[in-house]
1. Ignoring any ligand, DNA or RNA, what whole percent of the accessible area of the chain comes from carbon and sulfur when the probe is 1.4 angstrom?
2. Per residue of the chain, what 222 nm ellipticity follows from adding -39500 (n - 2.57) for every DSSP H run with n ≥ 4, rounded to the nearest 500?
3. Based on the Cβ-Cβ distance of Leu206 and His186, what FRET efficiency does E = 1/(1 + (r/R0)^6) give at R0 = 22 Å, to the nearest 0.05?
4. Please say if region 138-198 is rounded, prolate or oblate, where rounded means a/c under 1.5 for a ≥ b ≥ c the square roots of the C-alpha gyration tensor eigenvalues, and otherwise the choice is prolate for a/b larger than b/c and oblate otherwise?
5. At 1.4 Å probe size, with every protein chain present, just tell me what the per residue accessible area of region 113-190 comes to in Å².
6. Grab the Cα-Cα distance for Asp70 and Thr1, subtract it from 0.36 nm times how many residues apart they are, and report the gain in nm with one decimal.
7. To make sure I understand the rule: partners must be lysines, Cα under 25 Å from the Cα of Lys68, and not fewer than 8 residues away in the same chain. Which ones qualify?
8. Please identify the trypsin sites (Lys or Arg not before Pro) of region 1-92 that satisfy two criteria: DSSP loop assignment and at most 15 other Cβ atoms within 10 Å. Which are they?
Amino acid sequence: TLVHGPQALRSAAVRACLRLAEKMTAANQPEADLWRRLALHHASDPASIREALLEMGDKTDDPLLVQKSDEMKTRFQTMAQKFGFVVHWHMAGPFPLDENNVQNDHVSVESIDLSEPLKVGTKTMSWSAVSADNIQGILHLSDRFGSVPGVVYACAELILPSPQAAQFKVGSNDGVTVWLNGIKIHHHPKGRVLTIDEDRINVALLQGRNRVIVRIMNLGGAWQACLRICD
């Protein structure tokens with residue numbers, strides 16, 4: 001059933017293997033890990049892969065776990081993009097947050113060059129490629145940078161075959177500012193919990209390359225943001 005059954009039965013068989021492994025672990029039977037690996041090897045849908053990975057624990061040197069982690073991430077990213085979420089970004093930060101830059105860091109977004117480090121105040125940070133790994137395209141910045149107050153800049157580029165009207169749907173925790181092709185189109189300066197699609201901005205996208213820059217501010221605690229682009 002793990003190999004040849006319909007999708008629903010394969011998923012059920014994966015879960016059965018994991019439950020069997022759980023019982024073997026409770027009985028101190030060494031075969032438990034073999035059943036977990038069997039379940040992970042044959043897991044194909046993201047939910048089953050995630051469940052099997054959680055059962056296997058954090059073993060980053062295990063080729064099977066690395067392969068399945070990458071497979072799950074790719075599937076979630078594909079699903080997110082189908083719903084319009086921006087998944088792939090270039091990011092610079094974090095930069096310190098104080099009373100002088102809660103509202104604005106006075107960065108000239110028109111002159112940002114991703115091949116050059118970004119300077120905000122007295123601190124300079126290089127840009128790095130970052131991808132969301134969930135179906136809502138959420139950048140979980142506190143997982144990457146911690147929960148300290150700060151500011152991060154994220155940049156994404158869209159290439160269109162023709163001009164198009166669109167709507168940007170933004171969620172953030174906490175404040176967020178958005179620029180499109182060098183023009184500020186949105187600013188929310190206050191703390192809040194992330195809500196998908198909370199802010200909606202009508203935009204006109206150009207033929208060819210369009211650059212989106214998002215400034216994500218954290219006042220403490222969770223630090224998140226996501227952008228969805230819809231027609």
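1. Carbon-and-sulfur percentage of accessible area, whole number: 54.
2. Taking each H run of at least 4 residues, the total per residue is -9500 deg cm²/dmol.
3. Given R0 = 22 Å and the Cβ-Cβ separation, E is 0.80.
4. Details: a/c = 2.09, a/b = 1.83, b/c = 1.14.
It is prolate, given that a/c is not under 1.5 and a/b is the larger ratio.
5. Numbers: 3690 Å² over 78 residues.
Solvent-accessible surface per residue comes out at 47 Å².
6. Working: separation 69, 0.36 × 69 = 24.84 nm, distance 2.43 nm.
Result for the pair: 22.4 nm of gain on full extension.
7. Output for Lys68: Lys23, Lys59, Lys82.
8. Numbers: sites: Arg10, Arg15, Arg19, Lys23, Arg36, Arg37, Arg50, Lys59, Lys68, Lys73, Arg75, Lys82; in loops: Lys59.
Answer in residue order: Lys59.
The values are calculated or read from the model by the stated rules, or taken from the named source; none is laboratory data. This is a predicted model, so every value here is computed, not measured. Every residue, glycine as well, gets a Cβ built from its backbone with ideal geometry; the counts of neighbours run over all protein chains shown. Just the protein is used for accessible areas: all its heavy atoms, side chains included, with ligands, DNA and RNA removed. Shrake-Rupley method; radii C 1.70, N 1.55, O 1.52, S 1.80 Å.
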